[in-house]
Amino acid sequence: MREKLVLGLSGGVDSAVAARRLREQYDVTCLWLDIGLGGGEDAAAVAAELGLPFETADIRDTLERQVCAPFAADYLAGRTPLPCARCNPTVKFPALLALADRIGAPYVATGHYARRGTAPDGRALLLKGRPANDQSYMLARLPQEILRRTVFPLGDLEKTEVRALAREWGIPVAEKPDSMEICFIPDGDYAAWLDKRGSTPPPGDFVDREGTVMGRHKGIHHYTLGQRRGLGVSGPHRYFVSAIRPECNQVVLSDGTDLHADAARCTDLNWIALPNLTAPRRCTVRLRHSKTETPAVLQPTEGGVEIHLLTPARAPTPGQLAVFYDGESVLGSGWIC
């Protein structure tokens, strides 16, 4: 008798191919997560095409509490949040596990491009997917109790291979475009989304490092560290956002030469490949959702770590995630403060 597994089925090509692959090995139940914006028809159609049980879960309240409200609070405090990395351990995977526990399934799965391994001491490891599509960064907040029960069926594939398989198998969403936006802000206009929630900051001053007023900004929630476009300030050179000061409603502009840093601090750590950091450790680090890894030394501190970057990095941004790597393996992660 095959083991049961719950798959998060979004209605996109990745989770659809994941369902087709998993069907060969597990007794798969598909779960679509309802955030109140519709769109479950494609997921239901894929499940029906593959002959798999299909359920939905209304996650609107949990998403608001765990992701949307912190997302808004971060922007209003001058930070730049990363909602997907927050959602995975607090909303998405717990919803999958709740159904798994209800039907007696030992495993859950998603269509993320990552792999799972096991360390000699029995710890579950999070490993990179193929280089072109690796999504380990967004999964680096998953704790051991979730990783131990998670299967990543696309970890050995690249996106081009996934689409080719979808066409070969006649999956109805084979040509469906990828979604690149935040799920709860489908038009991508996060500032307008924040404005609709109310209590957003008023316009204020653009200033330079010395405090000289250079113009007016639309509200600090419209800007992120390192931003160049949409500032509307002219001068002898291009300007970049080099600091956000919510306490005085100012956005600091510079020529960008002050954006590179050789250190960053992190709190709220999630260790994966080791139980804790007790001594300095060399690694590489990703400071944002990109493939760029910077050599670094992690130094444990009271309540977090200090990252000493061996090559200065551009604009380590409060609210973003720093993910620490040892080759293919994710050591852990922390929120940049």
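The values are calculated or read from the model by the stated rules, or taken from the named source; none is laboratory data. Everything quoted here is computed from the prediction, not taken from an experiment. FYI the Cβ positions are ideal-geometry reconstructions off the backbone, even for glycines, and counts take in every protein chain you see. In case anyone asks, the SASA skips ligands and DNA or RNA and just uses the protein heavy atoms, side chains included. Shrake-Rupley method; radii C 1.70, N 1.55, O 1.52, S 1.80 Å.
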Next item on the list: Sort out which residues of region 58-72 are surrounded by 19 or more Cβ atoms within 10 Å (Cβ to Cβ) and among the small types (Gly, Ala, Ser), and write them in order of number.
Entry: 72
Item checked: Of all residues in region 98-113 being under 11 Å from residue 31 (Cβ atoms) and over 19 Å from the mean Cα position of the chain (by Cα), the one that is most open to solvent (accessible area, probe 1.4 Å) -> 102
Checklist line | Leading residue by the ranking (nearest to residue 88 (Cα to Cα)) among those in region 291-308 that are open to solvent by 10 Å² or more (accessible area, probe 1.4 Å) and either in contact (Cβ under 8 Å) with a residue 60 or more places away in the chain or of a type in the set (A, V, I, L, M) (or both) | finding: 291
Next item on the list: Could you check region 104-219 for strands (runs of 3 or more DSSP E) lying wholly inside it with 1 or more residues that are among the acidic types (Asp, Glu), at negative phi and modelled with pLDDT of 95 or more?
Entry: 204-207
Next item on the list: Take residue 187 and decide whether it is acidic (Asp, Glu) and more than 19 Å from residue 269 (Cβ to Cβ).
Entry: yes
Note to self: Can you pull out every residue in region 142-184 that is closer than 30 Å to residue 271 by Cα and small (Gly, Ala, Ser)?
What the structure shows: 155, 179
Item checked: In region 208-221, residue least open to solvent (accessible area, probe 1.4 Å) [restricted to those that are farther than 21 Å from residue 191 by Cα and either charged (D, E, K, R) or in contact with a strand residue (DSSP E or B) (Cβ under 7 Å, 6 or more places away or on another chain) (or both)] -> 208
Notebook entry, point to check: Looking at (1) assigned to a helix (DSSP H, G or I); (2) over 30 Å from residue 125 (Cβ atoms), which is the one condition that is false for residue 99?
Noted result: (2)
Next item on the list: Return the total of residues in region 281-290 being loosely packed, with under 15 Cβ neighbours inside 10 Å and of a type in the set (A, V, I, L, M, F, W, C).
Entry: 0
Notebook entry, point to check: So which residues in region 177-201 are touching a Gly at 6+ places or on another chain (Cβ under 6 Å) and either of a type in the set (Lys, Arg) or open to solvent by 70 Å² or more (accessible area, probe 1.4 Å) (or both)?
Noted result: 181
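Can you pull out the residues in region 309-337 that are of a type in the set (A, V, I, L, M) and either in a strand (DSSP E or B) or open to solvent by 40 Å² or more (accessible area, probe 1.4 Å) (or both)?
309, 310, 313, 321, 322, 323, 330, 331, 336
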Notebook entry, point to check: For region 34-57, what are the residues that are out of contact with any Cys (no Cβ under 9 Å at 6 or more places or on another chain) and open to solvent by 70 Å² or more (accessible area, probe 1.4 Å)?
Noted result: 41, 48, 49, 56
Note to self: Please determine whether any residue of region 157-169 is touching a Phe, Trp or Tyr at 6+ places or on another chain (Cβ under 8 Å) and hydroxyl-bearing (Ser, Thr, Tyr).
What the structure shows: no
Check: Considering 252, 233, which residue is over 20 Å from residue 287 (Cα atoms) and not in a strand (DSSP E or B)?
Finding: 233
Next item on the list: Give just the number: which of (1) open to solvent by less than 40 Å² (accessible area, probe 1.4 Å); (2) over 19 Å from residue 174 (Cβ atoms); (3) outside any strand (DSSP E or B) does residue 29 not satisfy?
Entry: (3)
Notebook entry, point to check: If you take the residues in region 1-26 that are touching a residue at least 40 places away in the same chain (Cβ under 8 Å), farther than 21 Å from residue 161 by Cα and not hydrophobic (A, V, I, L, M, F, W, C), which one is surrounded by the most Cβ atoms within 10 Å (Cβ to Cβ)?
Noted result: 26
Checklist line | Residues within region 269-284 that are farther than 11 Å from residue 329 by Cβ and assigned to a loop (DSSP other than H, G, I, E, B), tallied | finding: 6
Next item on the list: Looking only at region 222-246, count how many residues are in contact with an Asp or Glu (Cβ under 6 Å, 6 or more places away or on another chain) and open to solvent by less than 20 Å² (accessible area, probe 1.4 Å).
Entry: 1
